[in-house]
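What follows is a single structure, written as C-alpha cells, with notes after it.
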Amino acid sequence: MLTVENVIPKSMFAISGNVHLHEGASTADLPDTAPVNIVQRDQNVFVHFVWSQSGWLGKLLSSSCKWEARVYLEQMGAGEVANPAPVSISFKKASSASYSGIVTIPAYTLPQGAYKVIATLMLQGPLGPTPIAAYEDIGVLQVYED
C-alpha cells in the first residue's frame, strides 16, 4: 500500500493505491506470475502503479499537472544502480479519478544479485514538485542468470 505524505488534509485531497512487480516472458518458458520478486536476467520487470485520488482540491489543480511514477533500485552490498526513467501520467482535473502506470525495468540491465526496490509517486505542478507524494517499499527483487 502506498504511504502518503499528509501535508494536505485528506478532506481536501487524498490518494491511495498499491504498487506491484510483474515479470515479463522468459526465454526459458517459465510461467508468468504476479506479484513476483525473483526474475531471470532474460525477463523484463514491470512495476505496476495503481492509485486513485479524491477530494475537492482535485478540481482546482492545474490540468497541466503530471503524476511522476519512479522506481529506485539499490543492489544489496553494492550501492545504487542505474534507475529506469520515470513515467509521466496526465493528471485528471476532477474530485475523483483513478490511474494506472507501468515503469519497465529490462532485467538484463541489472547484474545478478538482490535489490531493494522503492516506488515513488509525486504530483508535478506547472512550476515543479507539489507536496502531494507517496512511496511504497516493494521489498527485495532477486535477479539471477540461468
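Just so you know, all these numbers are worked out from the coordinates, no wet-lab data involved. These numbers come from a predicted model, not from an experiment. Cβ: placed from backbone, ideal geometry, glycine included. Neighbour counts: every protein chain shown.
Odds and ends about this structure:
- Dipole magnitude for the chain: computed about the Cα centre from +1 point charges on Lys and Arg Cβ and -1 point charges on Asp and Glu Cβ, it is near 900 debye.
- Stretching residue 100 away from residue 83 to a fully extended chain increases their span by 4.1 nm, per 0.36 nm per residue minus the current alpha-carbon distance.
- Residue (of 95, 51, 15) at the positive-pole extreme of the chain, dipole from beta-carbon charges: 95
- 3J(HN,Hα) couplings calculated from phi for the stretch 90-106 with the Karplus curve 6.51 cos²θ - 1.76 cosθ + 1.60 (θ = phi - 60°) are, in sequence order, 4, 6, 9, 6, 7, 7, 8, 7, 10, 9, 8, x, 10, 9, 9, 10, x Hz; Gly and Pro show x.
- Net charge in the neighbourhood of residue 135 (other residues with Cβ under 15 Å of its Cβ; Lys, Arg +1, Asp, Glu -1) is -3.
- Taking every alpha-carbon pair under 8 Å whose residues sit at least 6 apart, the chain reaches a relative contact order of 29 percent.
- By average C-beta atoms within 10 angstrom, highest first, the peptides 115-128, 44-57: 44-57, 115-128
- For residue 18 and residue 38, the difference between the fully extended length at 0.36 nm per residue and the C-alpha to C-alpha distance is 5.3 nm.
- Converting phi to 3J(HN,Hα) with the Karplus coefficients 6.51, -1.76 and 1.60 and the offset θ = phi - 60°, the stretch 2-19 yields 5, 8, 10, 5, 9, 6, 9, x, 4, 5, 8, 7, 9, 10, 8, x, 9, 9 Hz in sequence order, with x at every glycine or proline.
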